[in-house]
Amino acid sequence: MLSSVSFRLFLFRMAMHCCGVLSLFTVLLSGSLLAAPQVVSLSSGERLVGEVMPQSNDQVLVLKSNLLGEMSIQRAQIVAIEPQVIPTAKLASATNTEPQSAEVKKQVDTQVAIAEKMTEVEQALEEEQPLVDKLFAFKAPEAWHGNLRMGMNISSGDKQWTETALRGKLEIKQQGDPNFYRFTGSYTYRETERSNGDTYKSTDRYDGAFIYRRSFAGDNWFIQNSMSTRVDQIKGIDRELQELVGVGYKVKPSNQFELLFGASGGLEEYQTDSENTRNGVNKVLNVFEEFTWKPFTRTSFVQKFNYYWEPDYTERYNYVLTAAVRIRLTDLLGFEFSYNQNYDNDIGNGNEKNDAVWRNALIVYF
């Protein structure tokens, strides 16, 4: 009987010993899991690496960092908690030197593959970044100034029509350099409404011009060479080419005002869509005027006038009058309200053509 009781007591002590060992193993296992390095991402953008301590609760996370020591972080400031990714070299070393189960080895291999793929992506981004930086850092030279204008013109009356216009300008002038270059161009697409309500493309127009000026005599006087071309099928002008040379004078009492005017002469080649006496190469004279007023830093008023005539046939003339108000909203964007009158007294056989348009446009500066 005594031996039976002793045997039962022995079994009870063995069971308690096993439970103690199991509890100790569980504590050690949980401690090892808590001690695994974690990456804590904060709402401020910072990332902290350390061990999450057991005294953490729902309000406060206690993190032990090798560099900063033990710290308390409010849970409200934490965005995410993620396990630290083991570098590829260490994972590979672990797979070669430590015996592991098939499941653990599979997980390690997966992490190695992910780390290698992330390394490839980072290398690709590093290679592409210089090109992206160059594109975003691209800036026109300081001597370049210009704009691109996109807008629509609307007319009502005997004929209702809309015009979609695209106009651009580039000016190049180095500080202290007497040379000045200007490139301009425009394209206009017109859609007209017939009396029965149908709409159709009633031809289009486009033009381009290049002006070179060289200043002398204190930057007031200048010589000018201009080349221009236009096609205006709305008026019946198939081609007009001009080459002019002249002289002008510039007045600039302040940064807010600038006025220049001058005269030039040269040749033009003229061709319309019908046979007439004006077709061919003719002499042409020109007077021009440009005025700019900037009452405010981002507001300007621009007015231009060009008058052309043939010295051998003074009744043949045409002029272009433009007036515009431009408001610059930002360094990049603005808008324009303008009036443009393009009058041809005789395009051949006494045909008179007049085109006066109110225009509006969105401006992109560069």
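The values are calculated or read from the model by the stated rules, or taken from the named source; none is laboratory data. Just so it is clear, the model here is predicted, and its values are computed rather than measured. Virtual Cβ from ideal backbone geometry, glycine too; neighbours counted across all protein chains shown.
Structure data summary
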item: Selection count, region 215-231, where residues are among the acidic types (D, E) and over 16 Å from F261 (Cβ atoms); result: 0
item: Residues within region 267-308 that are exposed (fewer than 13 other Cβ atoms within 10 Å of the Cβ), of a type outside the set (A, V, I, L, M) and under 24 Å from G246 (Cα atoms), tallied; result: 1
item: Residue count for region 328-358, restricted to those that are more than 25 Å from the chain's Cα centre (by Cα) and not in a loop (DSSP other than H, G, I, E, B); result: 13
item: Yes/no for S195 being surrounded by 17 or more Cβ atoms within 10 Å (Cβ to Cβ), more than 25 Å from N340 (Cα to Cα) and without any contact (Cβ under 8 Å) to a residue 40 or more places away in the chain; result: no
item: Residue match in region 320-337 (condition: more than 26 Å from K294 (Cβ to Cβ) and without any contact (Cβ under 8 Å) to a residue 40 or more places away in the chain); result: no
item: Any hit, region 290-302, residues being on the phi > 0 side of the Ramachandran plot and in contact with an Asp or Glu (Cβ under 8 Å, 6 or more places away or on another chain); result: no
item: Qualifying positions in region 247-256 - assigned to a strand (DSSP E or B) and either in contact with a strand residue (DSSP E or B) (Cβ under 6 Å, 6 or more places away or on another chain) or among the acidic types (D, E) (or both); result: V247, G248, Y249, K250, V251, K252
item: Unique match (being assigned to a strand (DSSP E or B), aliphatic (A, V, I, L, M) and either farther than 24 Å from Y365 by Cβ or at pLDDT 95 or above (or both)) among L148, L241; result: L241
item: Residue that is modelled with the highest pLDDT, among those in region 339-366 that are charged (D, E, K, R) and under 20 Å from W161 (Cβ atoms); result: D344
item: Any hit, region 307-314, residues being within 21 Å of F222 (Cβ to Cβ) and either touching a strand residue (DSSP E or B) at 6+ places or on another chain (Cβ under 9 Å) or touching a residue at least 24 places away in the same chain (Cβ under 8 Å) (or both); result: yes
item: Unmet requirement for G236, which otherwise passes all of (1) under 33 Å from the mean Cα position of the chain (by Cα); (2) within 17 Å of A356 (Cα to Cα); (3) of a type in the set (G, A, S); result: (1)
item: Top-ranked residue of region 217-259 - restricted to ones that are without any contact (Cβ under 8 Å) to a residue 24 or more places away in the chain and among the hydrophobic types (A, V, I, L, M, F, W, C), ranked as farthest from F288 (Cα to Cα); result: A217
item: Residue tally, condition touching a residue at least 24 places away in the same chain (Cβ under 8 Å) and within 24 Å of N342 (Cα to Cα), over region 160-180; result: 9
